[in-house]
Amino acid sequence: MTSRNLIIINFVIVSFFILIYLLNYFKIDFVLIGVFKELLTIPFVIAQVVFLAIGLRYLIKNQRSFLLMFSFLLLAICTFITIRSFF
């Protein structure tokens, strides 16, 4: 796992949850969007936790770049908000 790949994956996960939030906020409800939302939500929630752990381990062991730390911080905030929304 390289730093670049981890940054891209973190931004994709955060972008997915921002997109879901915007779809719900603007009440956009199409069948095809709903299908993809249902199919991808659980894998992305699991990926949040997994890549948060991978990112933390990567930050501890390897050199730190601003973009990596920023993407990790965004993923941590997104994970907190997502898990908090369950309760």
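The values are calculated or read from the model by the stated rules, or taken from the named source; none is laboratory data. Because the structure is predicted, anything quoted here is derived from the model rather than measured. So basically every Cβ, Gly included, is an ideal-geometry build from the backbone, and we count neighbours across all protein chains shown. Each accessible area value is taken on the protein alone, full model and side chains, heavy atoms only, with ligands, DNA and RNA left out. Shrake-Rupley method; radii C 1.70, N 1.55, O 1.52, S 1.80 Å.
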Exercise for the section: Would you check if there is a residue in region 19-37 being assigned to a helix (DSSP H, G or I) and either closer than 23 Å to MET1 by Cβ or charged (D, E, K, R) (or both)? Expected result: yes
Exercise for the section: Return a yes/no flag: does region 58-76 have any residue that is among the β-branched types (Val, Ile, Thr), within 14 Å of the chain's Cα centre (by Cα) and part of a helix (DSSP H, G or I). Expected result: no
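Just checking, how many residues over region 1-42 are over 23 Å from MET69 (Cα atoms) and either surrounded by 13 or more Cβ atoms within 10 Å (Cβ to Cβ) or of a type outside the set (Ser, Thr, Tyr) (or both)? Talk me through it step by step, then tell me what you get.
The first filter runs over region 1-42 and keeps only residues over 23 Å from MET69 (Cα atoms), leaving 20-42.
Imposing the further condition that a residue be either surrounded by 13 or more Cβ atoms within 10 Å (Cβ to Cβ) or of a type outside the set (Ser, Thr, Tyr) (or both) reduces the set to 20-24, 26-42.
Residues that pass the stated criteria total 22.
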Completion exercise
Of the residues in region 54-74, those that are within 17 Å of THR2 (Cβ to Cβ) and of a type in the set (A, V, I, L, M, F, W, C) come to ILE54, LEU56, LEU59, ILE60, PHE66, LEU67, LEU68, MET69, PHE70, PHE72
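Is it fair to say ALA53 is in contact with a helix residue (DSSP H, G or I) (Cβ under 6 Å, 6 or more places away or on another chain) and either basic (Lys, Arg) or open to solvent by less than 90 Å² (accessible area, probe 1.4 Å) (or both)? Please lay out each step first, then the result.
Working: in contact with a helix residue (DSSP H, G or I) (Cβ under 6 Å, 6 or more places away or on another chain): no; either basic (Lys, Arg) or open to solvent by less than 90 Å² (accessible area, probe 1.4 Å) (or both): yes.
Against the criterion (in contact with a helix residue (DSSP H, G or I) (Cβ under 6 Å, 6 or more places away or on another chain) and either basic (Lys, Arg) or open to solvent by less than 90 Å² (accessible area, probe 1.4 Å) (or both)), ALA53 does not qualify.
Is it fair to say TYR25 is at pLDDT below 95 and at negative phi?
Details: at pLDDT below 95: no; at negative phi: yes.
The answer is no for TYR25.
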Handout entry: Any chance ILE20 is without any contact (Cβ under 8 Å) to a residue 24 or more places away in the chain and touching a Ser or Thr at 6+ places or on another chain (Cβ under 8 Å)
Key = yes
